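Beneath this line is the structure, given in structure tokens, with notes to follow.
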Amino acid sequence: YHLIYQPIIKALDQENINLFEIGLGTNNIRMQSNMGSKGKPLASAFAFRDFKDNINYFGGDIDKRILESHERISTSFVDQMDNSTLDTFFEQHFNIAIDDGMHILRANLNFFVAALNKAKNNSYIIVEDINPKDSDFWCTISENLNIENISACVQTKSALVFCLKKI
């Protein structure tokens, strides 16, 4: 996904970037949308934080075991099926909000609505790894959003990604 994120981060390069991501990469195979037992939780948190000195990473996940804090990395409990936890997660201003969580339509929609309600101008909302059966839905959303947003469905090698920029 570096081909999606590098231009966005570059466009925001003059300011501190608050990057919010749901889905920290649980390796608990009992959790839905896990990375498998050999997965490395928080890998993307460290990758984003270390990419640029001006990135502050805020992550959310339903697996409380993997919640940790490090320099410029904060994590908290978020359940994408519970809108109140999403509202709490998005209390601070974000420049980039990424859904890499449950990868099911209802969870994706809950994330998208919560993020869109809190989005300020020049902020980005991204939904990763969209289930192929839901791709028509997200492409229709992209085609029908009002002119205050720029959005697109991007086909990567392995998945569809929905991207929105609030103008």
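The values are calculated or read from the model by the stated rules, or taken from the named source; none is laboratory data. Just so you know, these numbers come straight off a predicted model, no measurement behind them. Cβ sites come from the backbone with ideal geometry, for glycine too, and all protein chains shown count toward neighbours. These area figures cover heavy atoms from the full protein model, side chains too; ligands, DNA and RNA do not enter into them. Shrake-Rupley method; radii C 1.70, N 1.55, O 1.52, S 1.80 Å.
Exactly one residue out of SER69, SER44, SER76, SER84 is over 24 Å from LEU105 (Cα atoms) and of a type in the set (Gly, Ala, Ser), and it is SER69.
Anything in region 61-75 that is charged (D, E, K, R), surrounded by 13 or more Cβ atoms within 10 Å (Cβ to Cβ) and outside any strand (DSSP E or B)? List them, or say none. Passing the criteria: ASP63, GLU68, ARG72. In region 8-60, which residue that is among the β-branched types (Val, Ile, Thr) and in a loop (DSSP other than H, G, I, E, B) is farthest from GLN92 (Cα to Cα)? Filtering region 8-60 for residues that are among the β-branched types (Val, Ile, Thr) and in a loop (DSSP other than H, G, I, E, B), the one farthest from GLN92 (Cα to Cα) comes out as ILE29.
Among the residues of region 98-114, those identified as closer than 13 Å to GLU21 by Cβ and in contact with a Leu (Cβ under 8 Å, 6 or more places away or on another chain) are ILE98, PHE111.
If we keep just the residues of region 76-105 that are surrounded by 19 or more Cβ atoms within 10 Å (Cβ to Cβ) and assigned to a strand (DSSP E or B), which is farthest from the chain's Cα centre (by Cα)? The selected residue is ILE96. Residues in region 110-123 that are surrounded by fewer than 18 Cβ atoms within 10 Å (Cβ to Cβ) and not in a loop (DSSP other than H, G, I, E, B): VAL113, LEU116, ASN117. When region 84-135 is filtered for residues that are among the small types (Gly, Ala, Ser) and over 23 Å from ASN27 (Cα atoms), the ones remaining, listed by number, are SER84, ALA114, ALA115, ALA119, SER123, SER135.
The set of residues in region 5-31 being surrounded by 12 or more Cβ atoms within 10 Å (Cβ to Cβ) and over 16 Å from ASN122 (Cα atoms) consists of GLU21, ILE22, GLY23, LEU24, GLY25, THR26, ASN27, ASN28, MET31. Being part of a strand (DSSP E or B), surrounded by 17 or more Cβ atoms within 10 Å (Cβ to Cβ) and of a type in the set (Val, Ile, Thr): is that true of ILE126 here? The answer is yes for ILE126.
Rundown of residues vs (1) at pLDDT 95 or above; (2) closer than 24 Å to LYS165 by Cβ; (3) in contact with a Lys or Arg (Cβ under 6 Å, 6 or more places away or on another chain), yes/no style:
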residue	(1), (2), (3)
ILE55	yes, yes, yes
PHE58	yes, yes, no
ILE62	yes, no, no
MET102	no, yes, no
ASN108	yes, yes, no
SER123	yes, yes, yes
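Only residues that are open to solvent by 80 Å² or more (accessible area, probe 1.4 Å) and at pLDDT below 90 were counted in region 134-149, giving 5.
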